[in-house]
Amino acid sequence: MSGGAACGAAVKANAYGLGAEKVVKALLDAGCRDFFVTTWSEAQPILHLLENASLSLLHGVSREDVADVAAAPSGVRPILNSLQQIARWKEAAPGRPCDVMIDTGMNRLGLSPEEALSGALSGLDVDILLSHLASADEDVPQNERQLRTFETVASQVAVKRRSLSNSAGILLGSDYHFDLTRPGLALYGGIPRKEGQGHIRPAFKVEAQVVQRRTVRAGDTIGYNATFTAPRDMEIAIVNVGYADGYLRCFSNIGEARVAGETVPVLGRVSMDLTAVQVPVASSLDEGDWVEIQLDLPKASAQSGLSQYEVLTLLGSRYSRGTLVG
Ligand SMILES: *Cc1c(COP(=O)(O)O)cnc(C)c1O
């Protein structure tokens, strides 16, 4: 959906919780050559995979990591966000390529357009000129305002490539694509705008193992604070996932699981390490069997009130991350 633009990938935050190494390998196989992480510490675990790819550091360079970044393999570039960072980079790595972020109205990171147009970039070898959209998942005038500002700056500075859009920005259409896009969420199955429906598939699933199967009697309650009372005799399975795995308590009595091809509800409150799900009476599900926790991102977000980004990036460190789906 990025049209003629190259498609990069945001793999910050451990590839949004899915495991940066595995995700980067899969994306390299798919032809991706431009990766984005926040800092040098996020770069290190994936550097060995990126001999022939470019890796940009969204937070730029800090006092603490500038020496390491200046000595990193040549594909690694800081995205310089301020006059201070530009000065730091010129001093530590004169002539070495970098990227530059322009703030076009989000007021998060980046040089102001005025700074960028009044000589701040002179003496820099800029590969990618970036800006970031604040509200691309909404239909608001801010999108076009940011687009115009970015075009104005980009047309007046000498850079190799220009990049504006995250996942939602790609779905705003070809005006927003420039030379390179940098989706994160959509790569992992998130759907930030309706234009993505039918084009984006889930990229992961979460499974939990049954620790115990039990029968509850009509009137029995389940879990902490007894928030679920069985209306009739029921079969339940206690599975080994909980809020310490990022399956937060907002899924209590709302979340779903897949058991033997059927969708079944989470019953009662999600605990730190355990969650109760209903078991179809005829199912042979038992200790040691695996249950899929429903975490299709748009649906899980609607159920829980968490954003799709939160559902993803909360996925904890206790999962054994297997092969990627699809
Ligand atoms: C995280 C990030 C992205 C990816 O955003 P998604 O909404 O996940 O597609 C792109 N650009 C910047 C600057 C980011 O910080």
*With runs of 4+ DSSP H residues as the only contributors, calculate the mean residue ellipticity of the chain at 222 nm using -39,500 (n - 2.57) per run, divided by the residue total and rounded to the nearest 500.*
-5000 deg cm²/dmol
*Enumerate the whole-percent occupancy of each 10 Å bin, from 0 to the last occupied one, for all C-alpha pair distances of region 219-283.*
24, 56, 20, 0
*Please give the direction-averaged projected area of the C-alpha convex hull for the chain, in square nanometres with one decimal.*
18.2 nm²
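Can you tell me the relative contact order of the chain? Whole percent, Cα pairs under 8 Å, sequence separation 6 or more. Walk me through the numbers on the way to the answer.
On the way: 687 pairs, mean separation 46.0, N = 326.
Result for the chain is 14 percent.
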*Go from 0 up to the bin containing the longest alpha carbon distance in region 169-326, width 5 Å each, and give me the % of pairs per bin.*
2, 9, 17, 20, 18, 13, 8, 6, 4, 2, 1, 1, 0
*Please give the length that would be gained between V211 and A30 if that part of the chain were fully extended, namely 0.36 nm times their separation in residues minus their C-alpha to C-alpha distance (nm, one decimal).*
61.4 nm
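Per-residue counts of other Cβ atoms within 10 Å, averaged by peptide: what ranking do you get for 55-64, 151-160, 185-194, highest first? Could you put the intermediate results ahead of the total?
Values: 55-64: 20.1, 151-160: 15.3, 185-194: 22.0.
Packing proxy ranking, top to bottom: 185-194, 55-64, 151-160.
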*Per residue, how big is the convex hull around the C-alpha atoms of region 271-326? Give it to me in cubic angstrom, could you?*
149 Å³
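Readers should treat all values here as calculations from the given coordinates under stated rules, not as data from a laboratory. Because the structure is a prediction, the values reported are computed rather than measured. Positions of Cβ are generated from backbone atoms using ideal geometry, with glycine treated the same way; all protein chains shown enter the neighbour counts.
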